[in-house]
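The values are calculated or read from the model by the stated rules, or taken from the named source; none is laboratory data. Just so you know, these numbers come straight off a predicted model, no measurement behind them. Methodologically, a virtual Cβ is constructed for each residue, glycine included, from the backbone with ideal geometry; neighbour enumeration extends over all protein chains shown.
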């Protein structure tokens with residue numbers, strides 16, 4: 001999966017604490033849609049975000065992707 005700028009913004013929202021652990025997945029999807037303009041479901045499905053059953057943070061894959069974000 002090739003990540004877009006919006007995908008990185010979604011990952012950053014979790015890493016920066018804008019989305020706290022324990023947030024319901026539906027609330028997270030709404031937040032991303034309204035505030036970021038993207039859908040986090042593909043990132044969850046691809047294993048970048050631990051969201052089972054609530055948003056728990058980034059997985060190792062998600063942390064690595066954010067660390068390797070193109071400048």
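A few comments on the model shown:
- Within the stretch 47-60, considering residues that are in contact (Cβ under 8 Å) with a residue 24 or more places away in the chain, touching a helix residue (DSSP H, G or I) at 6+ places or on another chain (Cβ under 8 Å) and part of a loop (DSSP other than H, G, I, E, B), the one surrounded by the most Cβ atoms within 10 Å (Cβ to Cβ): 48
- Inter-residue pairs, beta-carbon under 8 Å, first farther than 10 Å from residue 54 by Cβ and in the stretch 19-30, second modelled with pLDDT of 95 or more and part of a helix (DSSP H, G or I), 6+ apart: 19/13; 19/28; 19/31; 29/41
- Output for the stretch 34-65, where each listed residue is under 17 Å from residue 5 (Cα atoms) and more than 12 Å from the chain's Cα centre (by Cα): 34, 35, 37, 64
- Residue 13 being touching a residue at least 40 places away in the same chain (Cβ under 8 Å), in a helix (DSSP H, G or I) and crowded, with 19+ Cβ neighbours inside 10 Å: no
- Sole exception among (1) outside any helix (DSSP H, G or I); (2) in contact (Cβ under 8 Å) with a residue 12 or more places away in the chain; (3) surrounded by fewer than 16 Cβ atoms within 10 Å (Cβ to Cβ) for residue 63, by number: (1)
- Any chance residue 71 is in a loop (DSSP other than H, G, I, E, B) and more than 10 Å from the chain's Cα centre (by Cα): yes
- Subset of the stretch 16-37 that is touching a strand residue (DSSP E or B) at 6+ places or on another chain (Cβ under 7 Å) and exposed (fewer than 15 other Cβ atoms within 10 Å of the Cβ) - its residue that is nearest to residue 65 (Cα to Cα): 21
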